[in-house]
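Just below is one structure, and these are the notes that go with it.
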Amino acid sequence: MKTLNNALKYLGIALFSLGLSACASTKTQESTGEYIDNSAITANVKAAFLKDKYIKSLPINVKTYKGEVQLSGFVDDRTQAVRAESIAQRVEGVHSVQNDLIVK
């Protein structure tokens, strides 16, 4: 009986540890909290673009991973690309911006 209790106790600890590790981030995968934070950053960058009369109508894609924002899509000139990057950098939570916008 004591052996069974010990086995169940260790099984419970192992399952608990496994559950915790599923929520942790790795080098290539975000934790649940990071995913939520990055989704909020993406939404805030898009909202900031909508407030800017020169950027709001441009087809700019925004992706965020661990606080790094990636901008992709097409703009009419270099000034728009620089402006979009500047707007993204000012959003709270953004650590860096990778500007992959293409001037058409």
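Within this structure, Ser17 passes the test of being surrounded by fewer than 16 Cβ atoms within 10 Å (Cβ to Cβ) and modelled with pLDDT under 95. Whether a residue is under 18 Å from Lys104 (Cβ atoms) and buried (at least 16 other Cβ atoms within 10 Å of the Cβ) was assessed, and Ala81 passes this test.
Find the residue count for the range 68-104, including only residues that are closer than 30 Å to Ser31 by Cα and at pLDDT below 95. So the answer is 0.
Each residue in the range 60-104 was checked for being in contact with a strand residue (DSSP E or B) (Cβ under 8 Å, 6 or more places away or on another chain), of a type in the set (D, E, K, R) and not in a helix (DSSP H, G or I), and 6 pass.
The residue list Val91, Val103 contains one member that is surrounded by 12 or more Cβ atoms within 10 Å (Cβ to Cβ) and either in contact (Cβ under 8 Å) with a residue 12 or more places away in the chain or of a type outside the set (S, T, N, Q) (or both), which is Val91.
Give the residue that is farthest from Glu92 (Cα to Cα), with candidates limited to residues of the range 25-59 that are of a type in the set (Lys, Arg) and part of a loop (DSSP other than H, G, I, E, B). Don't jump to the end; show me each part of the working.
Residues of the range 25-59 that are of a type in the set (Lys, Arg), as a first pass: 27, 46, 51, 53, 56.
So of that shortlist, the ones also part of a loop (DSSP other than H, G, I, E, B) come out as 27, 53, 56.
On the way: Lys27: 23, Lys53: 21, Lys56: 19 Å.
Filtering the range 25-59 for residues that are of a type in the set (Lys, Arg) and part of a loop (DSSP other than H, G, I, E, B), the one farthest from Glu92 (Cα to Cα) comes out as Lys27.
Ile41 meets all of the listed conditions (1) closer than 21 Å to Lys104 by Cα; (2) modelled with pLDDT of 95 or more; (3) surrounded by 11 or more Cβ atoms within 10 Å (Cβ to Cβ) but one, namely (1).
Here is a check on your reading of the model: is Lys46 over 10 Å from the mean Cα position of the chain (by Cα), modelled with pLDDT of 95 or more and not aliphatic (A, V, I, L, M)? So Lys46 passes the test. Filtering the range 47-64 to residues that are crowded, with 16+ Cβ neighbours inside 10 Å and free of Cβ contacts under 8 Å to residues at least 40 places away in the same chain leaves Phe49, Ile55, Leu58, Val62, Thr64.
The values are calculated or read from the model by the stated rules, or taken from the named source; none is laboratory data. Computed from a predicted model, the values in this text were never measured in an experiment. A quick note on method: Cβ atoms are made from the backbone with ideal geometry, for glycine too, and the neighbour counts reach across all protein chains shown.
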